[in-house]
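Here is the structure we will look at.
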Amino acid sequence: MTRPYLLRPALLQAARSPRIQRLITRVPATKNVVKRFVAGETEDDAVAAAKTVLHTGRSITIDYLGEDTTNLEQANRTVTQYLSLLSSLTQLVASDNEGGQRHRLEFSLKLSALGQLLPGDGEKVALANVHKICAAAEEAGVWVTVDAEDHTTTDSTLAIVRAARQDFPTLGTVLQAYLKRTEADCKDLAGPGSRIRLCKGAYNEPASVAYQSKIEVDEAYVRCMVTLMSGSGYPMVASHDPRMIEAALHNAAINGRTAEEFELQMLYGIRDAEQLRLAREHQHVRVYLPYGDEWYGYFMRRLAERPANLTLFLRALATRQ
Ligand code: FDA
């Protein structure tokens, strides 16, 4: 039986604490560990990392880090940042698309960074911002997928995605297998043209809405994946778990899907050798590549996922490396 990772809830709570954020981000040693999971703080860092990953035959999805914005200016700055990144990547996109492999580049967006939580008309602002990014991305041949945040935002996020898909039918979205509602959402969203990234889920969720034990989450993940693989959409299997990857390959095969009809996705810096092995075996592997200086929440969720990541961080603090 798997032992639960006891520090997970505390670390996930700390991920939302401004006080702990100030403490952790001020320690110089932190940045050395952050580098393992985040491509860098600047757009140049993101472009350089994107080139490196693309040269290895993997695809990428880039996330400009930031979340929980309650400031309109900041939400607008996030849009500007994506548009600027797109123009920096234009050459890369053009040469990539000439190679006949479209959509090796994708953007991942967090709606809470685009204004979703602004009081009053937050959803409208986020939808308008998604439109701006999708319009530019579509013209450049870049896909867009909306990340999943905590469960209080799920209804709103799916409503915004549905509205934006009227104009941008390839807009993808993330579903979190730990949420009890997700099996139904998968059934709902497994139709033609739908791109769904399935992950286990990274937030601190109550038992009323989410499975709590690893075994329940893993079983739910497989059930959701089976639904997506047997549907007519485009499943994106986001997991580092060897058993989930094996189940994905098995289910793709029994549903007659070729490697072009689904993707395996992993986070930047996690199981890199396995990502490369799968790419060499002609699987479509996409790397989630985050960059920007708002890395705190993302970094804390990575520490919460795996005791080994926390150990690495504590060792760096102790040795001040
Ligand atoms: P899990 O953490 O349960 O690990 C299972 C097994 O995988 C381990 O026992 C080990 O064998 C192997 N493994 C995991 N990490 C390893 C490592 N570092 N080295 C070696 N082996 C390792 N979450 C969310 O809530 N909203 C979102 O929008 C997204 N988006 C997203 C995109 C992509 C592309 C990915 C890959 C993940 C997300 N996530 C996410 C995060 C996701 O919900 C989840 O927290 C992490 O992927 C961890 O879950 P795993 O499925 O990897 O397995």
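Remarks
- Dipole moment magnitude, nearest 20 debye, region 218-321 about Cα centre, only Lys, Arg, Asp, Glu C-beta charged: 340
- In Hz, Karplus ³J(HN,Hα) per residue of region 37-44 (6.51, -1.76, 1.60; θ = phi - 60°; x = Gly, Pro): 10, 10, 5, x, 9, 10, 4, 4
- Per residue, the average separation of C-alpha pairs within less than 8 Å and at least 6 apart gives region 190-321 a relative contact order of 21 percent.
- J(HN,Hα) series, region 13-23, from Karplus relation 6.51 cos²θ - 1.76 cosθ + 1.60, nearest Hz, glycine and proline x: 5, 4, 4, 10, 9, x, 5, 5, 4, 4, 4
- Hull-based mean projected area of region 13-143, where the convex hull spans the alpha carbons, in square nanometres: 8.9
- When the Cα positions of 309, 144, 79 are compared along the charge dipole of the chain, 309 comes out farthest toward the positive end, with charges on each C-beta of Lys, Arg, Asp and Glu.
- Amide H contacts of residue 172 (H built 1.01 Å from N, under 5 Å, at least 5 apart or other chain): 144, 145, 146
- The residues packed around residue 284, meaning those with a beta-carbon under 10 Å from its beta-carbon, carry a net charge of 0 if Lys and Arg are +1 and Asp and Glu are -1.
- The chain - percent relative contact order, Cα under 8 Å, separation 6 or more: 26
- Excluding ligands, DNA and RNA, the accessible surface per residue across the chain is 47 Å² with a 1.4 Å probe.
- Rounded to the nearest Hz, the phi-derived 3J(HN,Hα) couplings of region 125-137 under the Karplus curve 6.51 cos²θ - 1.76 cosθ + 1.60 (θ = phi - 60°) are 4, 4, 4, 4, 5, 4, 4, 4, 5, 5, 4, 5, 5, where x marks glycine and proline.
- Gain on full extension, evaluated as 0.36 nm per residue between residue 216 and residue 128 minus their Cα-Cα distance, stands at 28.0 nm.
- Stretch gain in nm, segment residue 48-residue 68, where the contour uses 0.36 nm per residue and the Cα spacing is subtracted: 4.5 nm
- Net charge dipole size for region 61-164 [Lys, Arg +1 and Asp, Glu -1 on Cβ; Debye, nearest 20]: 240
- Only lysine pairs 8 or more places apart, or on different chains, with alpha-carbon atoms under 26 angstrom apart are counted in the chain, and they number 19.
- Rough spin-label spacing in nm, given labels placed 7 Å along Cα→Cβ, for residue 91 and residue 19: 4.9
- Directionally averaged projected area (convex hull, Cα atoms, region 39-294), nm²: 12.7
- For the set 150, 272, solvent exposure ranked by accessible area (probe 1.4 Å, protein chains only) runs largest to smallest as 272, 150.
- Surrounding net charge for residue 208, when Lys and Arg each add one and Asp and Glu each subtract one, Cβ distance under 12 Å: +1
The values are calculated or read from the model by the stated rules, or taken from the named source; none is laboratory data. If you're wondering where the values come from, they're calculated on a predicted model, not measured in any experiment. So basically every Cβ, Gly included, is an ideal-geometry build from the backbone, and we count neighbours across all protein chains shown. Ligands, DNA and RNA are stripped out before the accessible areas are found, and what is left, the full protein with its side chains, is counted by its heavy atoms. Shrake-Rupley method; radii C 1.70, N 1.55, O 1.52, S 1.80 Å.
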